[in-house]
Amino acid sequence: MEKLDIHQKVGALVAEKPARSRVFERHGIDYCCGGKRSVEEACRERDLDARAVLRELEAIETAGVAAVANPTAMTMTELVNHIESTHHEFLRRELPRIGGLIQKVVAAHGDKYPWLDAVRSTYADLVAELEPHMMKEEQILFPMIRELDRAVDSGSFHCGGIGNPISVMEREHENAGQALQHLRKLTDDFTAPEGACNTFRAMLDGLETLEADTHEHIHKENNVLFVRALETEPASRS
């Protein structure tokens, strides 16, 4: 891994790895129009510890080698808790951030790239699908699954049929997957146009990261959690 330095330019760092924009945004550092400043200069203006910010940037480099949670090794309750604390929290943090980037990019570059308007509307549809979807899982389906998990130990099952809410969630997963597929097509596989600014690149990086996380999220639910819940429910009644 290349060692980062506080004298490197903010804009160049984001251009090299757009995911670094998250660190700068978190600290209110302008990496687009103010991208020619060094990390040291940008942090001085914000009264920040430049070396601490640098450590956050370096953490982006190693994030991909972190241990990956194994959903099949978890109980249903552990997996539900993991999905909420990992993927639902990711969505609550990233959906408004990416939405803000899209608005900025459309305002600045929409005339030159008319397809950006379709990105904005498709993303709005995706958010409108995901936000109530999370609420339904957290308020209806996941409590049912937790109860089902407790019933396995106690031998007493009081929850209603779980198949119908699972079917609803799976249909909504399909809708979200189609929206993400459309976003990938609209953006030519999240490829930045020649000469694109850092905000443009950060937007595309955010969309690509959202796609990857959502795919992992849906996999854990459709292929692990829901399968196990449907297999467990009849057994708990016998």
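Residue count for segment 160-177 under the criterion of being under 16 Å from the mean Cα position of the chain (by Cα) and open to solvent by 30 Å² or more (accessible area, probe 1.4 Å): the result is 0. Of all the residues that make up segment 1-49, how many are in a helix (DSSP H, G or I) and either of a type in the set (D, E, K, R) or surrounded by fewer than 17 Cβ atoms within 10 Å (Cβ to Cβ) (or both)? Residues flagged as in a helix (DSSP H, G or I) and either of a type in the set (D, E, K, R) or surrounded by fewer than 17 Cβ atoms within 10 Å (Cβ to Cβ) (or both) within segment 1-49 amount to 10.
What about GLY195, is it at positive phi and over 19 Å from the mean Cα position of the chain (by Cα)? Judged against the criteria, GLY195 is a match.
The listed residues are ALA108, ALA118, and the only one of them that is touching a residue at least 24 places away in the same chain (Cβ under 8 Å) and in contact with a helix residue (DSSP H, G or I) (Cβ under 7 Å, 6 or more places away or on another chain) turns out to be ALA118. The residues listed here are THR232, THR187, THR191; of these, the one that is open to solvent by less than 20 Å² (accessible area, probe 1.4 Å) and hydroxyl-bearing (Ser, Thr, Tyr) is THR187.
The values are calculated or read from the model by the stated rules, or taken from the named source; none is laboratory data. None of the values given here were measured: they were computed from a predicted structure. Note that each Cβ is placed from the backbone with ideal geometry, even for glycine, and that neighbours are counted across all protein chains shown. To get the accessible areas, we keep the full protein, side chains included, count just its heavy atoms, and leave off ligands, DNA and RNA. Shrake-Rupley method; radii C 1.70, N 1.55, O 1.52, S 1.80 Å.
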